[in-house]
Amino acid sequence: DANVLAFGATGNGYTDDTKAFQEAIDYVATLGGGTVFVPAGYYCLTETLTLPNSVGLVGELETGTARGSVLCIYGGKGTTDVSTPAVLMNHQSAVIQLAFWYPEQTFANGRAIPYPPTLVQNGSESVTIRNVTLVNSYIGIDFAKNANNSLQYVRDVYGTCLETGYINNNSFDIGRIENVTFTPDVWLSSGLPG
C-alpha cells in the first residue's frame, strides 16, 4: 500500500528517515490498514514509530541475519522508558522481515548503554512479529506495557538482547510464540560495525 522511499526515506544509513516512515504509516492508516514496505537498506530512526491498528511494517530480510532492511535506532539512548520504544504496536499491527540495530551501543565498565524496548505492544491484541532480527537491543520485545495485551504471534525472532529478550505480563489470552533464539552470536555474526 505504501513504500517508505515514496515518502522521502533514503535508506542511506545516515539521513534521518523517521518522518518519512511515520508519514507512510499514517497514510496507510487512512486507508483502513495495510502494508508499509521497507526495501533493503539502512534507515536511521530517531523517534518512536507508532503502528496504528491493522498496519504492518514489512521489509526484506534474510532470516536470522542483518542482511536486508535494517532499522538503525538512535532514539532513547540512556533510558529504558517503555513509552518511547523503537516501535509501538497497536491492534492487529505487524513487524515482519526487519532487523533492528543500535549503532551507538557500546559497553562502559562491562555495562551496555540502556535503551527503551525495541518492540512494545500497546494494550492491544493480535500483533505479529515475524522474521525479525534484534541485532543488539537492550530490551527486545515488551508485551507487558498496559493491560489487556493478548494473542501475540511471534515467530522466527533472532537476537542479541543485552538486558532482557522478552517480557510478557498482563496478557488475558494466549498467543503463539515459536522459534525465538537469543544468543550473542546474532550480534557477533551481523557484519555490522561495533
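Going through the stretch 59-76 one residue at a time, which ones are farther than 21 Å from residue 12 by Cβ and either of a type outside the set (Ser, Thr, Tyr) or open to solvent by less than 20 Å² (accessible area, probe 1.4 Å) (or both)?
64, 76
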Within the stretch 1-35, restricting to residues that are open to solvent by 20 Å² or more (accessible area, probe 1.4 Å) and of a type in the set (S, T, N, Q), the one that is farthest from the chain's Cα centre (by Cα) is 30
Over the stretch 142-159, the set of residues open to solvent by 40 Å² or more (accessible area, probe 1.4 Å) and in a strand (DSSP E or B) is 153, 155, 158
- Task: Check whether at least one residue in the stretch 72-87 is out of contact with any Leu (no Cβ under 7 Å at 6 or more places or on another chain) and in a strand (DSSP E or B), and report yes or no.
- Result: no
Of the residues in the stretch 161-190, those that are touching a residue at least 60 places away in the same chain (Cβ under 8 Å), assigned to a loop (DSSP other than H, G, I, E, B) and crowded, with 17+ Cβ neighbours inside 10 Å come to 190
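Filter the stretch 36-58 down to residues that are polar (S, T, N, Q) and without any contact (Cβ under 8 Å) to a residue 40 or more places away in the chain and give me whichever is least open to solvent (accessible area, probe 1.4 Å).
Here the answer is 54.
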- Message: Considering only the stretch 3-25, I want to know if a residue exists there that is closer than 28 Å to residue 149 by Cβ, part of a loop (DSSP other than H, G, I, E, B), in contact with a strand residue (DSSP E or B) (Cβ under 9 Å, 6 or more places away or on another chain) and not acidic (Asp, Glu).
- Response: no
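Table: residues versus (1) of a type outside the set (D, E, K, R); (2) at pLDDT 95 or above; (3) touching a helix residue (DSSP H, G or I) at 6+ places or on another chain (Cβ under 8 Å).
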{"site": "85", "(1), (2), (3)": "yes, yes, no"}
{"site": "97", "(1), (2), (3)": "yes, yes, no"}
{"site": "106", "(1), (2), (3)": "yes, no, no"}
{"site": "111", "(1), (2), (3)": "no, no, no"}
{"site": "115", "(1), (2), (3)": "yes, yes, no"}
{"site": "124", "(1), (2), (3)": "yes, no, no"}
{"site": "149", "(1), (2), (3)": "yes, no, no"}
{"site": "152", "(1), (2), (3)": "yes, no, no"}
{"site": "157", "(1), (2), (3)": "yes, yes, no"}
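The values are calculated or read from the model by the stated rules, or taken from the named source; none is laboratory data. Bear in mind that the values here come from a model prediction, so they are computed numbers and not experimental data. Note that we place each Cβ from the backbone using ideal geometry, even for glycine, and neighbour counts take in every protein chain shown. Heads up: the accessible areas ignore ligands, DNA and RNA and are worked out on the full protein's heavy atoms, side chains in. Shrake-Rupley method; radii C 1.70, N 1.55, O 1.52, S 1.80 Å.
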